[in-house]
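Quick notes on the structure that follows.
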Amino acid sequence: MKLFKSYKKLGLTALMAGMLSFSSCNYLDIVPPEQVQVNDAMENHQNALGFLYSCYAFSKNDNVGELPYGNYLYDINTTADDILNPHAWAADGNGGPALILLNTLSAQNARDYWGHNYNGIGQCLLFLEKLDECDPLGRGIITAEEDREWRAEAKALSAYYHFVILRRYGPIAILEERLPLDAPQSIFPGRYHFDYCVDWICQQLDEAAKDLPAIRDVAYMGRMTSTICKAVKAQALLLAASPLWNGSFPYTTFKNDTWETPGYGTELVSRKYDESKWTRALAAVEEAITWAEGQGQRSLYTNNEYRDANINLNDLYIPGNVSDKFKEDVLRMRYLHYACENEGNREGIMVTNPGGLTTQWFASFPRNIMQLNSGTVLSGFSGFNPTLNAVQRFLTADGYMPENDPNFIDESQWYESAGMPDNGVGRSRIINLCVNREPRFYAWIGFDGGDYSMRIANGEPKTLNMLDKTMQGYNSATRDNSATGFLCQKFMPPVMQISKDNAYVGYVSPSRMVIRLAELYLARAECNAALGNTEAAIRDINVIRNRAGATPLTSAMVNASGMNIMEWVKTEWNNEFFAEGKRFFNVRRWVEGEKYFGLGKRLGLNALSKENPTFEEFNKPTTLPYTYTWGNKLYLYPIQYGDVYANPQLVQNPGF
Ligand code: GAL
């Protein structure tokens, strides 16, 4: 029986929300005029704790909280080249994704992630101010231990908000204290050199880590820990070592007008490659892994014991001959994003509250699942579509990519029938590209002739028909058509059933892993690849592959493939973190925007050209029929016009 984790404690009570919701005049979150109510927030222990929790609210917001997955309309999930939504959806929710896909983003139409996260910082700083001013410790309201831990929590959280702004926007303004209401514009801080920001964030995280526990009880999993601090520091230093910030920033004249960073003048970006940035990142990643696996008690999810009682491996359809172990691997990778801490999933380093995922499930579910007792047809939205690019990148059963596997079927035959026995359900339409692949492919990709889920349709899987317009095929009467011919099965509860009475049976909404241990292994592999330590990089790639049941990489394979070790590391990022929002930032920090997101680069099967296409018409690699394109200004996100206007020291990102 799955248990709900009690995250309620992390929410503000309605009372506290009312007390603390004052408006701010700009992103600097200048101190509001009446402070009486804010002081009430330290009046008793419950209020003080609620005040602390209110600092977290900004990081858990589904629309602007920079969560890696769970919101299918969010730009980091749906504007890279692993997952896309039907085009008609891209303009939903203020059009965030469409603006990026079509390169029409501007300082006027941009979302204010900047302001939102600075408000989070402002709340942390206000909390710290009030700890001094209202002195709940001296008044016996909180213990010395709480005082120390809460201060560290606010500091760590503020550093985290700075990091998420930095990751999206580049050089940031550093806020260490709130400005007084009458502060003249001339003292508003400007943006600091990127490397200076990274140093500052790391220092804050180091200091905070000392006063934080390494692990928390399940009920408090969302709160800051020293393990989170070390993982965020590793992420920040990996970002700093990456090409975008390590000599390859595409705009050579981007700098401040007047505002200066100590030691850097008006420069904002380092122009020269510095290998020591990789060495430093490597040390931080090493420390984060050691800490996470030691004090933090984190480990990759390898639990093969946990199963919902009614799972029978025979019910999992995989084309071709695969072993039971292979099916176990597929199921494990489905459970990874579903099993909770109390079910033996100790992979999450930073996790958010449950919720949100259910809307993503429904968006991903196929259209026309079954007829309900009421007579209506149960339909998901057939959205959140894996691109053909992502489908091609998953490994073959031999551990290569299809294009460089000496034993995989020749590319000229990828889109032909694999000749599976039809079984009267259309298995004969499965194409060669979908046979002889790695477990993660079958865990997460839904393809024509294959099954979606094991139980979704009143206890049965839904076998997909991506051609027939009355099933999951293109239908001009709806905007809910898979844009690529594929559907996503990641994040789904593996055995959830929807009954004929439209009841959802056998699921809970799991928490989301904002940072999980696997990424530290890939970060270390990437640092080692950059430093020429090929064998060390292969070792970490294989930690990830072994857990996924994929064939391990060898140096002989690297040599035979024509891909260098860094490309293999990138492949592993792409596959392990498929659809987890990583590709958005990874392609940017690798300065590969044009290569992967340029005009015509995003591919699907020929899924949108006509209703009821033939097998041959459908199974053709096809450029999506939209002008999705790239411009280098998209490496960074524009600061909303109003924020720049409010602060004369603040320079806009290049190109905006
Ligand atoms: C809704 C629409 C659904 C689906 C969804 C996607 O407005 O009714 O059919 O398109 O948006 O978010």
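The values are calculated or read from the model by the stated rules, or taken from the named source; none is laboratory data. None of these values were measured; they are calculated from a predicted model. Here the Cβ positions follow ideal geometry from the backbone for every residue, glycine too, while neighbour counts run over all protein chains shown. When the accessible area is computed, the model is the full protein with side chains, heavy atoms only, and any ligands, DNA or RNA have been set aside. Shrake-Rupley method; radii C 1.70, N 1.55, O 1.52, S 1.80 Å.
If you stretched the chain out fully between residue 555 and residue 592, how much longer would it get, using 0.36 nm times the residue separation minus the C-alpha to C-alpha distance?
10.8 nm
Could you sort the peptides 184-196, 136-148 by per-residue average Cβ neighbour count (10 Å cutoff), highest mean leading?
Answer by packing, highest mean first, reads 184-196, 136-148.
Express in whole angstrom the spacing between the alpha-carbon centres of the stretch 85-106 and the stretch 363-434.
Here the answer is 26 Å between Cα centres.
Answer with one residue from 362, 430, 566: the one whose Cα lies farthest towards the positive end of the charge dipole of the chain, charges on Cβ with Lys, Arg +1 and Asp, Glu -1.
Highest projection toward the positive end goes to 430.
Return the calculated 222 nm mean residue ellipticity for the chain, to the nearest 500 deg cm²/dmol, obtained by summing -39500 (n - 2.57) across DSSP H runs with n ≥ 4 and dividing by the residue count.
-10500 deg cm²/dmol
Set the Förster distance to 35 Å, then compute FRET efficiency between residue 109 and residue 199 from the Cβ-Cβ distance, nearest 0.05.
Between residue 109 and residue 199 the formula returns 0.55.
Residue 478 to residue 139: FRET efficiency via 1/(1 + (r/R0)^6), r the Cβ-Cβ distance, R0 41 Å, to the nearest 0.05?
According to the calculation, E is roughly 0.10.
Placing +1 on the Cβ of each Lys and Arg and -1 on the Cβ of each Asp and Glu in the stretch 275-408, which of 379, 295, 311 has its Cα farthest towards the positive end of the resulting dipole?
379
What distance in nm separates the two pseudo spin-label positions at residue 252 and residue 207, each 7 Å out from Cα along the beta-carbon direction?
3.9 nm
Can you give me the Kirkwood hydrodynamic radius for the stretch 204-322, using every pair of distinct Cα atoms, in Å to one decimal?
18.4 Å
Where does each of 638-647, 331-340, 103-112, 403-412 land if you order them by average Cβ count within 10 Å, highest first?
Taking the mean over residues of other Cβ atoms within 10 Å, the ranking is 331-340, 638-647, 103-112, 403-412.
Multiply the residue separation of residue 503 and residue 299 by 0.36 nm, subtract the distance between their alpha-carbon atoms, and state the gained length in nm to one decimal.
The residue 503-residue 299 span can extend by a further 70.0 nm.
Taking the Cα of residue 372, stepping 7 Å toward and past its beta carbon, and measuring to each backbone N in the stretch 486-503: which are under 12 Å?
498-503
What spacing in nm lies between the two simple spin-label points modelled at residue 276 and residue 129, each 7 Å away from Cα in the Cβ direction?
3.8 nm
When only Cα pairs under 8 Å and 6 or more residues apart are kept, what is the percent relative contact order across the stretch 305-513?
28 percent
If you take every DSSP beta bridge fully contained in the stretch 412-521, what fraction is antiparallel? Give it as a percent rounded to 5.
Roughly 90 percent of the DSSP beta bridges within the stretch 412-521 come out antiparallel.
For the full complex of protein chains and a 1.4 angstrom probe, list 259, 444 by accessible area with the highest value first.
259, 444
To the nearest 10 square angstrom, how much accessible area does residue 420 have with a 1.4 angstrom probe?
30 Å²
Once the cut-off is 19 Å, how many percent of the Cα-Cα pairs in the stretch 66-169 end up in the long-distance tail?
57 percent
In whole angstrom, how far apart do the alpha carbon centroids of the stretch 487-550 and the stretch 325-350 sit?
Each part's Cα centre sits 8 Å from the other's.
Put a dot 7 Å past each Cα toward the Cβ at residue 398 and residue 322; how far apart are the dots in nm?
1.9 nm
Give me the percent relative contact order of the stretch 592-656, please, defined on Cα pairs under 8 angstrom at least 6 residues apart.
34 percent
Taking a probe of 1.4 angstrom, what is the accessible area of residue 376 in Å², to the nearest 10?
Residue 376 exposes around 80 Å² with every protein chain in place.
Restricting to Cα pairs below 8 Å that are 6+ residues apart, what does the relative contact order work out to for the chain? Please round to a whole percent.
Relative contact order, the chain: 18 percent.
Along the three principal axes, how long is the chain when you take its alpha carbons, biggest first, rounded to the nearest angstrom?
Sorted from largest, the Cα extents of the chain read 74, 54, 48 Å.
Given the protein chains as shown and a 1.4 Å probe, how many square angstrom of residue 656 are accessible, to the nearest 10?
Spelled out: residue 656, probe radius 1.4 Å, area about 60 Å².
Report, to the nearest 10°, how far helix 565-576 tilts away from the longest principal axis of the Cα atoms in the chain, using its own Cα long axis and a range of 0 to 90°.
80 degrees
What dipole magnitude, in Debye to the nearest 20, does the chain give about its Cα centre under +1 on Lys/Arg Cβ and -1 on Asp/Glu Cβ?
Around 880 debye, computed over the chain.
To the nearest 0.05, what FRET efficiency results for residue 362 and residue 260 with a Förster distance of 56 Å applied to their C-beta separation?
About 0.65, to the nearest 0.05.
So what's the stretch 303-388 giving for Rg/Rh, alpha carbon basis, Kirkwood Rh from the mean inverse pair distance?
Here Rg/Rh amounts to 1.02.
For the stretch 305-513, what Kirkwood radius comes out of the mean inverse Cα-Cα distance, in Å?
This gives a value of 17.8 Å.
Over the stretch 305-513, what percent of the accessible surface lies on carbon and sulfur atoms, probe 1.4 Å?
45 percent
What does the accessible area per residue of the chain come to in Å², with a 1.4 Å probe and no ligands, DNA or RNA counted?
Accessible area per residue, the chain: 35 Å².
Ignoring ligands, DNA and RNA, please state the percent of accessible area on the stretch 519-656 from carbon and sulfur, probe 1.4 Å.
After summing per-atom areas, the C and S share lands at 53 percent.
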